[in-house]
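The values are calculated or read from the model by the stated rules, or taken from the named source; none is laboratory data. Predicted model only: the values in this text are computed from it and were never measured. Here Cβ is always computed from backbone atoms with ideal geometry, including for glycine, and neighbour counts include all displayed protein chains.
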Amino acid sequence: MDYLYDGSFEGLMTCIYYHYKKEKAAGIYEISCYQQSIVFQSETVETDISKAKIVSDAINKLISKEAYIYVYYCYLSNDADKENLIMDFLIFAFKYGRKTMNFYTHEKVLPINEIYKKVAREEHRVLGILRFSDIGG
């Protein structure tokens with residue numbers, strides 16, 4: 001089953017919720033970027049803030065706040081497969097709990113680490129540009 005969401009972070013977290021509570025996801029995709037699969041059926045998931053909060057709280061409580069930040073930064077990236085990287089990371093992370101972020105080079109953790117670093121660098125550069133830009137015209 002492919003889950004389709006509206007592109008919001010809460011929508012992505014809702015898809016993760018359905019992955020665990022309804023049916024395992026073969027993939028998670030933003031509706032605007034989805035190409036119909038011959039193999040898997042798709043279901044559009046309506047964003048549900050309460051279900052998204054359950055997943056967000058579980059990440060913070062069972063894994064770590066650091067992992068939540070890494071997932072959010074990965075979501076902010078423009079990586080084409082970010083949703084599935086996040087899903088694979090969270091499946092691994094819920095299994096290993098607080099030790100997850102110590103597996104720096106594991107195939108499920110490394111892509112999230114690399115994307116986090118890229119987005120953090122970009123954030124730093126944008127703040128630097130804003131700091132030195134002339135706001136008054």
- Task: Determine whether region 116-137 contains at least one residue that is assigned to a loop (DSSP other than H, G, I, E, B), closer than 27 Å to residue 26 by Cβ and not polar (S, T, N, Q).
- Result: no
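Within region 77-116, how many residues are among the β-branched types (Val, Ile, Thr), farther than 25 Å from residue 35 by Cβ and touching a residue at least 12 places away in the same chain (Cβ under 8 Å)? Give the derivation first.
Kept after step one, since they are among the β-branched types (Val, Ile, Thr), are these residues of region 77-116: 86, 91, 100, 105, 109, 112, 115.
Applying the additional criterion that residues be farther than 25 Å from residue 35 by Cβ yields 100, 105, 109.
Those still in the list that are touching a residue at least 12 places away in the same chain (Cβ under 8 Å) too: 100, 109.
Number of matching residues: 2.
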The residue that is surrounded by the fewest Cβ atoms within 10 Å (Cβ to Cβ), considering only those in region 91-137 that are modelled with pLDDT of 90 or more and polar (S, T, N, Q), is 105
Checking 80, 58, 67 in turn, the sole residue that is closer than 18 Å to residue 9 by Cα, exposed (fewer than 13 other Cβ atoms within 10 Å of the Cβ) and hydrophobic (A, V, I, L, M, F, W, C) turns out to be 80
Of (1) modelled with pLDDT under 95; (2) closer than 24 Å to residue 117 by Cβ; (3) out of contact with any helix residue (DSSP H, G or I) (no Cβ under 8 Å at 6 or more places or on another chain), residue 79 satisfies every one except (3)
message: Yes or no: region 43-55 includes at least one residue that is in contact with a helix residue (DSSP H, G or I) (Cβ under 6 Å, 6 or more places away or on another chain), of a type in the set (D, E, K, R) and either surrounded by 13 or more Cβ atoms within 10 Å (Cβ to Cβ) or at pLDDT below 95 (or both).
response: yes
By residue number, the members of region 22-46 that are over 20 Å from residue 77 (Cα atoms) and either in contact (Cβ under 8 Å) with a residue 24 or more places away in the chain or acidic (Asp, Glu) (or both) are 23, 25, 26, 37, 40, 41, 42, 43, 44, 45, 46
Those residues of region 1-40 which are among the polar types (S, T, N, Q) and within 17 Å of residue 94 (Cβ to Cβ) amount to 14
